[in-house]
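All remarks here apply to the structure that follows.
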Amino acid sequence: MTEKEVEKVRMVIKEVSGIYRKRIAGTKQAFLNKEEYEAVVDAADIIKLARMLRIVGFLTQTKVYLFWKKEQHCI
């Protein structure tokens, strides 16, 4: 990847909403404000950025949940 392409990836990752920041950044902090998150993204090397993209891909997948309950038999 060229440096320009890497910067585009950084911009996309920085735009992720606050709810996913901790998971993407992989830090041990309970909460990250926007500036802290952007600092983590800016400091990330190409391997860390690839991991972040993989996590973003997983978090943005459509998920389906199945709920069921046990039938009650009337006697």
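The values are calculated or read from the model by the stated rules, or taken from the named source; none is laboratory data. Please read all numbers here as calculations on a predicted model, not as lab measurements. Reconstructed Cβ throughout: ideal geometry from the backbone, glycine too, with neighbour counts over all protein chains shown.
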Output the residue which, of all residues in region 26-36 that are at pLDDT 85 or above and out of contact with any Gly (no Cβ under 8 Å at 6 or more places or on another chain), is surrounded by the most Cβ atoms within 10 Å (Cβ to Cβ).
36
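From 16, 56, 6, grab the single residue that is outside any helix (DSSP H, G or I), in contact (Cβ under 8 Å) with a residue 40 or more places away in the chain and surrounded by 10 or more Cβ atoms within 10 Å (Cβ to Cβ). First the steps, then the outcome.
Numbers: 56 fails: outside any helix (DSSP H, G or I); 6 fails: outside any helix (DSSP H, G or I).
Unique residue meeting the criteria: 16.
Looking at region 53-75, can you tell me whether even one residue there is under 19 Å from residue 8 (Cα atoms), modelled with pLDDT under 85 and of a type outside the set (D, E, K, R)?
Going through region 53-75, the residues under 19 Å from residue 8 (Cα atoms) turn out to be 53-57, 60.
Narrowing further to those that are modelled with pLDDT under 85: 60.
Now drop any that are not of a type outside the set (D, E, K, R), which leaves 60.
Yes: region 53-75 contains one or more residues that are under 19 Å from residue 8 (Cα atoms), modelled with pLDDT under 85 and of a type outside the set (D, E, K, R).
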State which residue is farthest from residue 18 (Cα to Cα) when the search covers only region 33-52 and only residues that are of a type in the set (A, V, I, L, M, F, W, C) and in contact with a helix residue (DSSP H, G or I) (Cβ under 7 Å, 6 or more places away or on another chain).
46
Among the residues of region 37-53, count how many are free of Cβ contacts under 8 Å to residues at least 12 places away in the same chain, in a helix (DSSP H, G or I) and surrounded by fewer than 11 Cβ atoms within 10 Å (Cβ to Cβ).
2
Looking for whichever is of a type in the set (Val, Ile, Thr) and within 13 Å of the chain's Cα centre (by Cα) here; the options are 47, 24. Which one fits?
24
